[in-house]
Structures are given as structure tokens and as C-alpha cells.
1. May I ask you to list the residues in region 187-207 that are among the charged types (D, E, K, R) and under 21 Å from residue 228 (Cα atoms)?
2. Test each condition in (1) under 29 Å from residue 194 (Cβ atoms); (2) out of contact with any helix residue (DSSP H, G or I) (no Cβ under 9 Å at 6 or more places or on another chain); (3) of a type in the set (Gly, Ala, Ser) for residue 24 and report the one that comes out false.
3. Could you tell me which residue of region 186-208 is surrounded by the fewest Cβ atoms within 10 Å (Cβ to Cβ), considering only residues that are among the basic types (Lys, Arg) and over 15 Å from residue 71 (Cα atoms)?
4. Please find, within region 209-222, the residue that is surrounded by the fewest Cβ atoms within 10 Å (Cβ to Cβ) out of those that are touching a Pro at 6+ places or on another chain (Cβ under 9 Å) and of a type in the set (Val, Ile, Thr).
5. Could you please let me know if residue 11 is farther than 25 Å from residue 172 by Cα, of a type outside the set (Gly, Ala, Ser) and modelled with pLDDT under 95?
6. Would you tally the residues in region 200-236 being over 21 Å from residue 158 (Cα atoms) and among the aliphatic types (A, V, I, L, M)?
7. Name the residue, out of 109, 90, 98, that is in contact with a Gly (Cβ under 8 Å, 6 or more places away or on another chain) and within 21 Å of residue 209 (Cβ to Cβ).
8. Going through 48, 55, 63, 37 one at a time, which residue ends up being in a strand (DSSP E or B) and hydroxyl-bearing (Ser, Thr, Tyr)?
Amino acid sequence: MRLEQAIYTSIRSERLDGYQLAASSDGIGDELAKELSTWGPAHDSLWSAEPGGVSINFHPLASGKFCLSRTTLSGAEYSGRGGGRVYTQLLVLTDDALSRFANDPFLVLQAVEAAGRLVVFDQTPASLPTIPLLGRASSSPTERLEALAEPFSADLIAELAAAFLDDAPVAVVTNVPSERLFHAALNRLLPQDRLGVTFTTGLRPSPRRPFRVTTLPSDPSLVRQSQRLTGGKVIEALAPMPSAPAWR
């Protein structure tokens, strides 16, 4: 099985300069490219301003497929504008691709990384190959949940899992990387329910990207602003985290 992919970042091109869908594999047609571009994060879209800052994002597509993406802050923009280059690698997933990994997008991303296919190019290529998706979920949900949930309270994980199933927007207020918490909560859900979840672990809220579950820094003014704009629920997750990458 192979995955279509695309890169959204800031480049100079023959068509335009700035943030755009800079490259894609052959199976991404014009309509899908337009949709992926709508969701693409541009300058200053990450909460983290540190080099290497990461956000994992997941949402459905109009075609019935799904987009799993990884946004990083890497390098400088061609324009010399401060703040660093926001770089997003987008993967297009089918139902079959997700089902091999118990409908868990974090496990898909782990498989892609293990195959060496999560790449940040200094110079974006003109086109991209499809990505082979190897393997399948290798451990039971119970084993994964116990390992992932260790730093957090059971009540916090249960609250976020319930919020994943709600139609209302939810902002998770945290001062630590949230990928591990999101992964633990996702594993509380039945595999068929995981397909209805949309989330970002580190992108700023935007009308262009209507993720249902988002994150906020531990800043009271930002929390108040979020509540005014969305009226959504706020969940505090100010737990310590292990030093290992959160979504492994």
C-alpha cells in the first residue's frame, strides 16, 4: 500500500511566492490540492516558536479520505522574515490504510517515520513519490494505553476522550507537548470512533483549519480569547511529560 503526499511551505515558484502547496505526488489532483492548501498552515501558525517545534494534525477530506500531517518549524523563510519557516508534510490516508493501524493516526505516523519517510527538505523538490506504508498495529490497545497514559490521570484522559466524540470545539490548555496525551485519549475510543476525530496538537486556531480539538498555551488571556471566539470547552492538562518523543 502506498500513500499520496504533499508539502505545504514557503517557497519562490514560477506561479507565486510565499506559502503554497509546494510539491505533491502524482495522485493528488487539482481539487485535492486546493483542499490541502486550505488547511495548510502558514507563517506564525505554530504555538511553539522554537526550532524543531512540532504539531501533529488529523482531519477528514471531502473525498472520504483523511489527511494526517506533521508541521514543523525548520529553517528560515526565503523572504528573510523572522519567526522561521513553517513546513508541513501531508499524507492522504484511505480507510484501508488507517484500518491496518486500528484507525490510529499516531501509529501510521510512527510507521512512516520508521521507514525514513518523514523528511524536511531544505530545497523542496518539484514532485514527490508516493510513500510505502509498511506493517500494521503490533500491540493491543490495552498495552498501548497503559504505556501512553502513565504520566496523566485517568480522569484527564477520560475527559479528553469524551471531548473527542463531542461536536463542540475543545481547547486543551497545556504547558507541555500534548501528543502523548492525545494518543492516550484516542486509544480510549473504539477504532470505528477514531475516524470522527479531528485534532491538532500545536497549531494556532484558524477559521481555515476547523479542527475540533486544539491546544492552547497556559496563558489566561489566550484562554479567555479562545472562549470568546469559539465558546468551546477548555480542558487543563498541565501534567509532566517524559523526555521521549510524545507520540511513540
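1. Of the residues in region 187-207, the ones among the charged types (D, E, K, R) are 188, 193-194, 204.
Correct list: 204 only.
2. (2)
3. If we take residues in region 186-208 being among the basic types (Lys, Arg) and over 15 Å from residue 71 (Cα atoms), then 208 is surrounded by the fewest Cβ atoms within 10 Å (Cβ to Cβ).
4. 213
5. Answer is yes for this residue.
6. 4
7. 90
8. Unique residue meeting the criteria: 55.
The values are calculated or read from the model by the stated rules, or taken from the named source; none is laboratory data. The structure displayed is predicted, hence computed values, not measured ones. Please note: Cβ atoms are built from the backbone with ideal geometry, for glycine as well, and neighbour counts cover all protein chains shown.
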